[in-house]
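*Asks:* Following this message is one structure expressed as structure tokens.
The values are calculated or read from the model by the stated rules, or taken from the named source; none is laboratory data. The structure displayed is predicted, hence computed values, not measured ones. Cβ sites come from the backbone with ideal geometry, for glycine too, and all protein chains shown count toward neighbours. For the accessible areas, the whole protein counts, side chains as well, though only heavy atoms, and no ligand, DNA or RNA atoms are used. Shrake-Rupley method; radii C 1.70, N 1.55, O 1.52, S 1.80 Å.
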Amino acid sequence: MALDSKIPAGEMSEKWSDYKGHVNLVNPANKRRLEVIVVGTGLAGASAAASLGEMGYKVKAFCFQDSPRRAHSIAAQGGINAAKNYQNDGDSVFRLFYDTVKGGDYRAREANVHRLAEVSAAIIDQCVAQGVPFAREYGGLLSNRSFGGTQVQRTFYAAGQTGQQLLLGAYSALERQVALGNVTQYSRHEMLDIVMIDGKARGIIARNLVTGQLERHFGHAVLLCTGGYGNVFYLSTNAMGSNVTAAWKAHKKGAFFGNPCFTQIHPTCIPVSGDYQSKLTLMSESLRNDGRIWVPKKQNDNRKPKDIPEDERDYYLERRYPAFGNLVPRDVASRAAKERCDAGYGVGTTKLAVYLDYADAIKRYGKIEAGKQGNASASEAEIISMGKEVVKEKYGNLFDMYEKITGENPYETPMRIYPAVHYTMGGLWVDYELMTTVKGLYALGEANFSDHGANRLGASALMQGLADGYFVIPYTLGNYLSNEIRTASIPTSHPAFEETEKAVGDRINTLMNIKGRQTVESFHKRLGKIMWDKCGMARNEQGLKEAIAEIQQLKKEFWSDVKIPGSINEMNPELDKAGRVADFIELGELMCKDALNRRESCGGHFREESQTEEGEAKRDDENFSYVAAWEYKGESEWELNKEPLVFEVVKQTQRSYK
């Protein structure tokens with residue numbers, strides 16, 4: 001199938017403006033007759049539902065949590081990027097665009113990335129108007145800090161809880177539309193399939209997670225805003241409930257899956273502490289702003305960090321990448337940490353950790369504070385005390401979280417960190433209008449593949465989610481719905497709804513009737529180990545082939561021996577989880593096939609067979625400069641479709657952060 005990305009013609013800087021100026025519109029009276037389903041109410045979903053409700057569409061918003069406020073978007077800590085150049089340090093729309101394309105190792109679609117950079121400034125204005133409490137300088141201006149992969153300060157933040165504050169802003173806008181009757185909200189509902197009528201998405205089958213009842217819902221269009229699939233690895237920084245089910249059901253109904261093997265490993269997470277752990281905790285990338293990452297120069301050094309002299313410490317990121325230092329992109333920092341630990345320089349009891357040290361930052365800030373007070377004779381103890389207060393103001397909640405989890409005081413001793421699965425750049429393939437290969441079915445935010453290539457820069461996830469919801473889908477959806485104004489609402493008694501609901505019900509009954517001996521959790525854990533060991537930070541042909549065979553065997557075992565307690569027509573979290581793990585198993589196989597097919601290294605996808613002499617990712621632009629869009633053909637069978645990546649503005653070069 002030939003993929004049409006629908007990228008507008010013309011100069012890169014004019015494409016989005018020209019598109020908006022010529023796109024088809026829907027008048028207010030017709031909007032009131034059109035129904036839109038939004039699945040997921042995180043930043044992308046809440047902003048989209050609120051915006052479309054404000055415009056006059058009849059919106060139904062679904063989330064599987066008890067409230068949209070519980071969406072995983074709240075877990076984003078460090079900030080949100082925008083090209084406002086408040087620091088007068090050379091930032092611009094073009095530089096944000098360039099940094100994002102380069103950070104993604106030249107595997108993103110230029111036009112989508114440029115649009116993202118263009119609308120970034122408007123996101124900040126929107127959120128400030130909603131009352132989002134961004135950090136401010138002493139004079140009242142919005143503050144910025146640095147994030148990885150950039151040499152400017154463009155990240156806006158609200159202490160270490162930026163995602164939560166942004167979600168509260170979007171949630172307030174959403175609830176306003178609920179109160180006005182423009183949006184109907186369905187909490188504790190999980191989408192279990194797409195209803196197709198005449199080749200178009202016309203609704204969903206959802207399960208009420210409290211009663212277990214299946215429900216039918218019609219929509220002229222369906223928007224999937226359901227986040228990423230990092231939990232395929234079992235251990236990740238994602239919320240425990242985050243899953244791929246909605247996107248996977250869409251995939252099996254004809255939506256192509258783009259670049260599924262592009263997953264992000266975040267370099268600053270609290271290390272795994274034992275075999276019985278089921279969740280990992282992120283320590284914000286913003287901590288790399290002021291913290292310095294190091295390991296001992298001596299292998300298997302068991303001394304406490306305070307006992308290791310400065311000249312016996314290896315600040316390896318500063319040594320290897322002097323131009324960017326500790327603020328190299330996430331994939332680069334993660335591989336560097338793995339390399340040091342694999343070579344025997346790791347720290348902590350497991351030796352799978354490196355230090356993130358704030359001692360220098362505390363002293364630096366303390367001296368600045370002493371200078372402000374005119375205290376030229378301040379003692380070192382006074383300087384450290386004042387510095388701790390500054391660090392507490394900037395990062396206090398993160399330091400508190402670390403201490404609660406580890407029992408160690410990061411103001412006194414360096415944090416121990418190690419890379420962990422955090423985000424997925426892959427997702428449903430979408431065109432410039434965010435429509436999948438299924439007509440009327442859209443994917444927004446992390447659920448799509450479009451903006452981050454093979455590696456997302458820090459603070460860009462919040463930017464993409466809100467850009468898609470507030471500023472992109474209100475235009476692009478109208479272009480499709482303008483041709484649907486004569487389509488009346490289709491009754492949910494239509495045969496397509498009945499057939500789809502029956503198929504969903506049959507699958508649930510099949511799961512419940514297996515009555516095996518092994519728990520859902522045990523299968524998920526085994527899948528995660530296969531994925532992390534053979535499709536994680538480093539991948540090779542032999543390991544990926546082994547992983548595919550092991551996952552196929554695991555799938556057979558799951559469908560013959562999984563044990564699900566309880567019954568169908570009640571609240572049954574184990575049944576919910578079983579359906580999600582079944583989908584993860586199938587996704588895991590596709591991820592390994594995609595990684596096996598892409599015989600190059602790029603961004604977070606590191607094939608051991610394709611690396612430079614210095615151990616960096618080595619791309620193969622001649623053979624792999626494309627988006628891999630996989631079409632589902634049947635059990636364990638997919639067909640690869642390629643969208644060539646054409647670079648009109650940015651020149652593809654070997655990434656260097658040295």
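*Asks:* For a Förster distance of 22 Å, can you work out the FRET efficiency between the beta-carbons of ASN623 and MET1, rounded to the nearest 0.05?
*Replies:* So the FRET efficiency works out to roughly 0.60.
*Asks:* At 20 °C and a viscosity of 1.002 mPa s, what translational diffusion coefficient does Stokes-Einstein give for segment 608-657, taking Rh as the Kirkwood radius over Cα pairs? Give it in µm²/s as a whole number.
*Replies:* In µm²/s, the coefficient rounds to 158.
*Asks:* Continuing with this model, one more query. State whether segment 476-522 is rounded, prolate or oblate according to the following rule on the C-alpha gyration tensor (a ≥ b ≥ c being the square roots of its eigenvalues): a/c under 1.5 gives rounded; otherwise a/b larger than b/c gives prolate, and the remaining case gives oblate.
*Replies:* Oblate shape, in that a/c is at least 1.5 and b/c is the bigger or equal ratio.
*Asks:* What nm distance separates the two modelled labels at SER172 and LYS633, each placed 7 Å from Cα along Cα→Cβ?
*Replies:* 5.2
*Asks:* Further question: Among bridges DSSP assigns within the chain, what percent are antiparallel (round to 5)?
*Replies:* Counting only bridges with both partners in the chain, antiparallel ones make up about 70 percent.
*Asks:* Now for a separate question. Between SER385 and ASP360, with labels modelled 7 Å along Cα→Cβ, what's the label distance in nm to one decimal, could you check?
*Replies:* Reported label-point gap for SER385 and ASP360 is 2.6 nm.
*Asks:* Compute the length gained on full extension between ASN597 and VAL272: take 0.36 nm times their separation in residues and subtract their Cα-Cα distance, giving the result in nm to one decimal.
*Replies:* Between ASN597 and VAL272, full extension yields 114.0 nm more.
*Asks:* Please compute the Cα-Cα pair-distance distribution of segment 455-494 with 5 Å bins starting at 0, giving whole percents from short to long.
*Replies:* Calculated P(r), rounded to whole percents: 6, 17, 15, 14, 13, 13, 9, 7, 5, 1.
*Asks:* Another one. Given a 1.4 angstrom probe, I'd like the percentage of the accessible area of segment 1-107 that is carbon and sulfur, rounded to a whole number.
*Replies:* Roughly 47 percent of what the probe reaches on segment 1-107 is carbon or sulfur.
*Asks:* Let me ask something else about it. Two-decimal Rg/Rh of segment 432-591 from alpha-carbon positions, Kirkwood Rh?
*Replies:* 1.05
*Asks:* Filter the chymotrypsin sites (Phe, Trp or Tyr not before Pro) in segment 485-555 to those in DSSP coil with at most 13 other Cβ atoms within 10 Å of their Cβ, and list the result.
*Replies:* none
*Asks:* Residue by residue through segment 452-458, which ³J(HN,Hα) values in whole Hz follow from phi under the Karplus form 6.51 cos²θ - 1.76 cosθ + 1.60 (θ = phi - 60°), with glycine and proline marked x?
*Replies:* Working through the residues one at a time gives 10, x, 9, 6, 8, 6, x Hz.
*Asks:* Moving on to the next point. Going by average Cβ neighbours within 10 Å, how do the peptides 301-312, 85-96, 16-27 rank, with the highest at the top?
*Replies:* The most tightly packed comes first, giving 85-96, 16-27, 301-312.
*Asks:* Can you bin segment 1-134 into rounded, prolate or oblate? Criterion: square roots of the alpha carbon gyration tensor eigenvalues sorted a ≥ b ≥ c, rounded for a/c under 1.5, prolate for a/b above b/c, oblate for the rest.
*Replies:* oblate
*Asks:* So between THR350 and LYS439, what do we pick up on full extension, going 0.36 nm a residue minus the alpha carbon distance?
*Replies:* Taking THR350 through LYS439 to full extension adds about 27.0 nm, to one decimal.
*Asks:* By how many degrees, 0 to 90 and rounded to 10, does the Cα axis of helix 43-55 deviate from the longest principal axis of the chain?
*Replies:* The answer is roughly 50 degrees.
*Asks:* First select every other residue whose beta carbon is under 11 angstrom from the beta carbon of ARG154; then total the charges, Lys and Arg +1, Asp and Glu -1.
*Replies:* Summing Lys and Arg as +1 and Asp and Glu as -1 gives 0.
*Asks:* Under 12 Å from the Cβ of CYS261, count the other residues' Cβ atoms, weight Lys and Arg +1, Asp and Glu -1, and hand me the total.
*Replies:* +4
*Asks:* Once you have all Cα-Cα distances for segment 439-507, histogram them in 10 Å bins from zero and send the whole-percent values.
*Replies:* Percent of Cα pairs in each bin: 15, 31, 27, 23, 4.
*Asks:* Right, here's the next one. State in Å² the accessible area per residue of segment 13-56; use a 1.4 Å probe, count heavy atoms of protein chains only, and round to the nearest integer.
*Replies:* The answer is 39 Å² per residue.
*Asks:* Oh, and also: Quick one: Cα convex hull volume of segment 189-277, Å³ per residue?
*Replies:* Cα-based convex hull of segment 189-277, divided per residue, equals 125 Å³.
*Asks:* Quickly estimate the mean residue ellipticity at 222 nm for the chain, helices only: each DSSP H run with n ≥ 4 gives -39500 (n - 2.57), and the total goes over all residues, rounded to 500.
*Replies:* -12000 deg cm²/dmol
*Asks:* Let me ask something else about it. Taking K and R as +1 and D and E as -1, what net charge do the other residues with C-beta under 15 Å from the C-beta of TYR234 add up to?
*Replies:* +2
*Asks:* To continue, here is another question. Using Cα atoms only, what is the angle between the long axis of helix 573-597 and the major principal axis of the chain, expressed in degrees (0 to 90) to the nearest 10?
*Replies:* Computed tilt is about 70 degrees.
*Asks:* Of all the Cα-Cα pairs you can form in segment 268-407, what percent are over 18 Å apart?
*Replies:* Roughly 62 percent, once rounded to a whole number.
*Asks:* If you don't mind, another one. Shape verdict for segment 16-63, please, from the Cα gyration tensor: rounded (a/c under 1.5), prolate (a/b greater than b/c) or oblate.
*Replies:* Oblate, because a/c is 1.5 or more while a/b does not exceed b/c.
*Asks:* Modelling each spin label as a point 7 Å along the Cα-to-Cβ direction, I'd like the ASP89/SER489 distance in nm, to one decimal.
*Replies:* Output for this residue pair reads 5.2 nm.
*Asks:* Another question about this same structure. Could you pull out every residue, at least 5 positions away or on a different chain, whose amide H is within less than 5 Å of the one on GLY258? Hs are placed 1.01 Å off N in the peptide plane, and Pro or chain starts have none.
*Replies:* Result for GLY258 returns GLY427, LEU428, TRP429, TRP630.
*Asks:* I'd like to know how segment 346-407 sits against the 2.2 N^0.38 Å rule of thumb: what's its Cα Rg over that expected value?
*Replies:* 1.37
*Asks:* Right, something else. Which chymotrypsin sites (Phe, Trp or Tyr not before Pro) in segment 130-176 pass both tests, a DSSP loop state and at most 16 other beta-carbon atoms within 10 Å?
*Replies:* Filter output for segment 130-176: TYR138.
*Asks:* What order, most packed first, do the peptides 604-616, 110-122, 203-215 have when packing is the mean number of other Cβ atoms within 10 Å of each residue?
*Replies:* Ranked from most to least packed, the peptides come out as 110-122, 203-215, 604-616.
*Asks:* Return one number: the angle in degrees, 0 to 90 and rounded to the nearest 10, between the long axis of the Cα atoms of helix 110-130 and the longest principal axis of the Cα atoms of the chain.
*Replies:* For helix 110-130, the angle is close to 80 degrees.
*Asks:* How compact and how long is segment 316-366, expressed as Rg and Dmax of its alpha-carbon atoms in Å?
*Replies:* Just the Cα atoms of segment 316-366 yield Rg and Dmax of 12.4, 36 Å.
*Asks:* Note the per residue figure in Å³ for the convex hull of the C-alpha positions in segment 566-658.
*Replies:* Value for segment 566-658: 185 Å³ per residue.
*Asks:* Next up: Accessible area per residue of segment 106-259 at 1.4 Å probe, in Å²?
*Replies:* Each residue of segment 106-259 exposes 29 Å² on average to a 1.4 Å probe.
*Asks:* Mind listing which GluC sites (Glu not before Pro) in segment 404-467 are in a DSSP loop and have 15 or fewer other Cβ atoms within 10 Å?
*Replies:* Within segment 404-467, the qualifying GluC sites (Glu not before Pro) (loop, at most 15 other Cβ atoms within 10 Å) are GLU408, GLU412.
*Asks:* Here's something else I'd like to know. Carbon-plus-sulfur fraction of the accessible area of segment 309-443, 1.4 Å probe, in percent?
*Replies:* After summing per-atom areas, the C and S share lands at 50 percent.
*Asks:* A follow-up question, please. Quick one: Kirkwood hydrodynamic radius for segment 103-153, alpha-carbon pairs, angstrom, one decimal?
*Replies:* Over segment 103-153, the inverse of the mean reciprocal pair distance is 13.3 Å.
*Asks:* Based on the alpha carbons, how large is the Rg to Rh ratio for the chain when Rh follows Kirkwood?
*Replies:* 0.96
*Asks:* I would also like to ask the following. Taking amide H atoms as placed 1.01 Å from N in the peptide plane, list the residues 5 or more away in sequence, or in a different chain, whose amide H sits under 5 Å from that of LEU142.
*Replies:* Here GLU137 satisfy the definition.
*Asks:* Another question about this same structure. For GLU403 and ALA179, compute 0.36 nm times the residue count separating them, minus their Cα-Cα distance, and round to one decimal in nm.
*Replies:* Full-extension gain reported as 76.6 nm.
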